[in-house]
């Protein structure tokens, strides 16, 4: 009995020791778990840490307002980097002149002398030939300028020009009467000269970025001519038509004008233009023609940033 009691006491002691060891191990594990939870980041913190530096959530990017610099308004008038197109209609303010006109008037004078001297006696209806004073009238001019500024006061560009000269005058018929004399026709309205020209120009604007924009333009280019002309100053019995063939030549001139700007992109334009030509054709080697015009129109700027 004594032996069994002693054995039971040792067993109790062992059990108590085992229980204390278990409690000690449990407390150590709980302490380690708490420390690890403090040191390890949560999922939300991990997502924040995984983002690049100085980054914000997507909602922040969506809600952030972007402020752009305010663009300065385009200055008024002529200035560097300015581009514009002008459309002008011109009325003639002088009679056409030059050797082209002088040659035709010499032809008219020859007919007058022939009628007065009796060499031309009858007209188309068999009546007494009469002489009617001829007229030479410049038609309207249309010009379109495309201009670009390459400096504060200087620009350049290209122009398209169309003009004409009309006449009301007489000529002889291409056959003769029984007395071998020319027969006079009645006055006829015809277009003596018409052209389409391509020119380049340089411009100078002394006042920049102003509502009032005076300017000077120097022009030069090539012109293509249609119309009619006599080869000689007397009738040619072997010529049955007088149409100009292969007419072309140089065209040159100057313009003095002013633009009055209504706003940054549009202006009213008034311009004086003097145009000269040196032309040739199958009928003649070289003749000149000069005209002066006063034009009005509009100028539109389609690029106006400084």
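Taken together, the values in this text are just the output of simple stated rules run on the coordinates, not laboratory data. The shown structure was predicted, so the numbers you read here are calculated from the model rather than taken from an experiment. Using ideal geometry, Cβ is built from the backbone for each residue, glycine included, and neighbour counts are taken over all protein chains shown.
In the set 203, 295, only one residue is closer than 22 Å to residue 95 by Cβ, in contact (Cβ under 8 Å) with a residue 12 or more places away in the chain and surrounded by 15 or more Cβ atoms within 10 Å (Cβ to Cβ); that residue is 295. In the range 116-133, what residues are surrounded by fewer than 19 Cβ atoms within 10 Å (Cβ to Cβ) and either in contact (Cβ under 8 Å) with a residue 24 or more places away in the chain or within 38 Å of the chain's Cα centre (by Cα) (or both)? Hits for the range 116-133 are 119, 121, 122, 123, 124, 130, 131, 132. Do we have any residue at all in the range 115-130 that's assigned to a helix (DSSP H, G or I) and over 16 Å from residue 229 (Cβ atoms)? Yes - at least one qualifying residue is present in the range 115-130.
For the range 231-240, state whether one or more residues are in a strand (DSSP E or B) and either touching a residue at least 60 places away in the same chain (Cβ under 8 Å) or over 20 Å from residue 90 (Cβ atoms) (or both). No, the conditions are met nowhere in the range 231-240.
With respect to (1) under 25 Å from the mean Cα position of the chain (by Cα); (2) surrounded by 18 or more Cβ atoms within 10 Å (Cβ to Cβ); (3) farther than 21 Å from residue 76 by Cβ, the lone exception for residue 221 is condition (2). Does residue 144 satisfy the condition of being in contact with a strand residue (DSSP E or B) (Cβ under 6 Å, 6 or more places away or on another chain) and either closer than 30 Å to residue 254 by Cα or not in a strand (DSSP E or B) (or both)? Criteria met by residue 144. If the condition is being surrounded by fewer than 17 Cβ atoms within 10 Å (Cβ to Cβ) and touching a strand residue (DSSP E or B) at 6+ places or on another chain (Cβ under 9 Å), then the range 243-265 contributes 243, 246, 248, 250, 252, 254, 256, 258, 260, 262, 264, 265.
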